[in-house]
């Protein structure tokens, strides 16, 4: 346990975290069916010509950068819910918000609605969150985090089922694309996606930065938070909305990629050795980006000639972690 | 006449079926240590929470310098009055200094950086509770007494003229109870902070308080100086306790010896 984080240890943690992300991005840009050396990339970057340039501009650059952006927003989103509910299982992927967002996007496509994907995803995510809150509501009683999580898992299954139903009724080509996207996919991304995820993500990060102090108070419990000047209910709803919207931004460019949101926070926190919400959120952004970029490069190079959806990879990485968490909760007598 | 201090007027707390406090009008003396006493379930914690606006009264008001606290801006109230709830739970792994720094939140502007003054007040709070050396230790690794002092440092860093604490000595052994109460008393004497605590132990409450508020199963039994409140009749009325009250050989204040 590196619970005793001294200044130097924490700095080292941040350096490690940053290096991992840079390494992931470099690997993602160089590795694939055609290997590109870093030198060629650099030449491409400088001159704007040659295979390096093509890789950066068209072939891998957009997908890699979309992976960075999507991973960051998902990681931050997951950490918001993990802090609010004080439970590592609390994340928009586990709790059905991302399935809800995905379902709304598929519905929009299926019914030919001309609404931009991030807005569809946001509506889906918020509806799913409202359903989770509504269905676990008991008059006069405060819902336990675990109740919310379990209800969320149920909502997630329901949303996925609706998505599958809608996909089956689509024409074959469209259905195949939708199926792929629903698994979480980063293939064929363009700079528009990069701009979208970074633009909306940056906007939400600013909104979140203004809420971080309230979050640090909510962590101490509602009564102390109120005593320290937080408007508890308002702060909590604000953070939930920000968290759902961040997840929706990720879903809009990458589909409902599973487990990134759940894994990023704990991983970032452990590597950076930090505890304060502001640091945890920052570490989660970097860790989320790293996980997603790694998953993306593995998913397209693991089986030559076959491009797996990135969600397949994050699923393979995330499922054992989820089982380990559940096992720990059972050990602690929480489940 | 302008009112001063923390007062209640016709304060009723609880719900229709279960009113715990009815039509209570009292004044907490300024710059003194007041303890709220009474049997379990008499509403003493509820009363303290109402004083800090953590629960809304069914009717009546709590007033701070004449202002209805329900109408004071949340942050403005947090600069005037702080409350430490019973048995707070720290986020996993955070250090004492991280905890205490959060006590400065109501004083900081939305984007204001951490100031020299914030740092000084936190350092002072840590030293007042005797945790200056342990500031970088995670809360989880502290002993029960140290942990409680860390929480007190948090509300001291909030630096308010009114400090409310709900059973700050629960789960502590006698030596640590004395330690916590004497540091609150010292804060009162040195800074003129008005301290209001809910306490379980009557003899300790008498020892450390200037003013007592005694509740029974049916509301207020007595309030005033310890000598006036701690009498055999009042203890009988509040706790159904038969006890002898005699002067404490050390302080001369009333001491309770149960039959």
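Points worth noting:
- Verdict on residue B:257 being farther than 24 Å from residue B:184 by Cβ and in a strand (DSSP E or B): yes
- Residue B:156 vs. criteria at pLDDT below 95 and either touching a strand residue (DSSP E or B) at 6+ places or on another chain (Cβ under 9 Å) or not in a loop (DSSP other than H, G, I, E, B) (or both): no
- Candidates A:131, A:146 - the one that is modelled with pLDDT under 90, over 14 Å from residue A:107 (Cα atoms) and in a helix (DSSP H, G or I): A:146
This table checks each residue for (1) at pLDDT 95 or above; (2) part of a loop (DSSP other than H, G, I, E, B); (3) within 13 Å of another protein chain (Cβ to nearest Cβ).
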| residue | (1), (2), (3) |
| --- | --- |
| B:4 | no, yes, no |
| B:53 | yes, yes, yes |
| B:99 | yes, no, yes |
| B:102 | yes, no, yes |
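Results for (1) surrounded by fewer than 15 Cβ atoms within 10 Å (Cβ to Cβ); (2) modelled with pLDDT of 95 or more; (3) part of a helix (DSSP H, G or I), shown as yes or no for each residue.
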{"residue": "B:163", "(1), (2), (3)": "no, yes, no"}
{"residue": "B:171", "(1), (2), (3)": "yes, no, no"}
{"residue": "B:181", "(1), (2), (3)": "no, yes, yes"}
{"residue": "B:214", "(1), (2), (3)": "no, yes, no"}
{"residue": "B:223", "(1), (2), (3)": "no, yes, no"}
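- Of all residues in segment B:239-254, those satisfying the criterion of being closer than 21 Å to residue B:44 by Cβ and in a strand (DSSP E or B) are B:243, B:245, B:254.
- Complete set of residues in segment B:62-75 that are in contact (Cβ under 8 Å) with a residue 24 or more places away in the chain and under 19 Å from the mean Cα position of the chain (by Cα): B:62, B:63, B:64, B:65
- The residues on offer are B:215, B:208, and the sole one that is in contact (Cβ under 8 Å) with a residue 12 or more places away in the chain and closer than 12 Å to residue B:39 by Cβ is B:215.
- Segment A:184-223, residues that are outside any loop (DSSP other than H, G, I, E, B), in contact (Cβ under 8 Å) with a residue 60 or more places away in the chain and under 21 Å from residue A:63 (Cα atoms): A:191, A:193, A:194, A:196, A:197, A:198, A:200, A:201
- Checking A:114, A:56 one by one, the residue that is outside any loop (DSSP other than H, G, I, E, B), more than 30 Å from residue A:232 (Cβ to Cβ), modelled with pLDDT under 95 and more than 14 Å from chain B (Cβ to nearest Cβ) is A:56 and no other.
- Flag if residue A:268 is closer than 13 Å to residue A:10 by Cα and surrounded by 24 or more Cβ atoms within 10 Å (Cβ to Cβ): yes
- Scanning segment B:138-153 for residues that are under 13 Å from residue B:95 (Cβ atoms), touching a residue at least 40 places away in the same chain (Cβ under 8 Å) and out of contact with any strand residue (DSSP E or B) (no Cβ under 6 Å at 6 or more places or on another chain) yields B:139, B:140, B:142, B:147, B:150, B:153.
- The criterion of being at pLDDT below 95, at the interface with chain A (Cβ under 9 Å from one of its Cβ atoms) and under 28 Å from residue B:131 (Cβ atoms) does not hold for residue B:109.
- Scanning segment A:45-81 for residues that are within 30 Å of residue A:126 (Cα to Cα) and without any contact (Cβ under 8 Å) to a residue 24 or more places away in the chain gives no hits.
- Filtering segment B:77-96 to residues that are more than 8 Å from chain A (Cβ to nearest Cβ) and either under 16 Å from residue A:215 (Cβ atoms) or surrounded by fewer than 21 Cβ atoms within 10 Å (Cβ to Cβ) (or both) leaves B:80, B:86, B:87.
- The numbered conditions (1) modelled with pLDDT of 95 or more; (2) more than 14 Å from chain A (Cβ to nearest Cβ); (3) within 21 Å of residue B:166 (Cα to Cα) are all true for residue B:41 except (1).
- Taken together, the residues in segment A:197-214 that are within 11 Å of chain B (Cβ to nearest Cβ), touching a helix residue (DSSP H, G or I) at 6+ places or on another chain (Cβ under 7 Å) and over 20 Å from residue B:84 (Cβ atoms) amount to 2.
The values are calculated or read from the model by the stated rules, or taken from the named source; none is laboratory data. Bear in mind that the values here come from a model prediction, so they are computed numbers and not experimental data. FYI the Cβ positions are ideal-geometry reconstructions off the backbone, even for glycines, and counts take in every protein chain you see.
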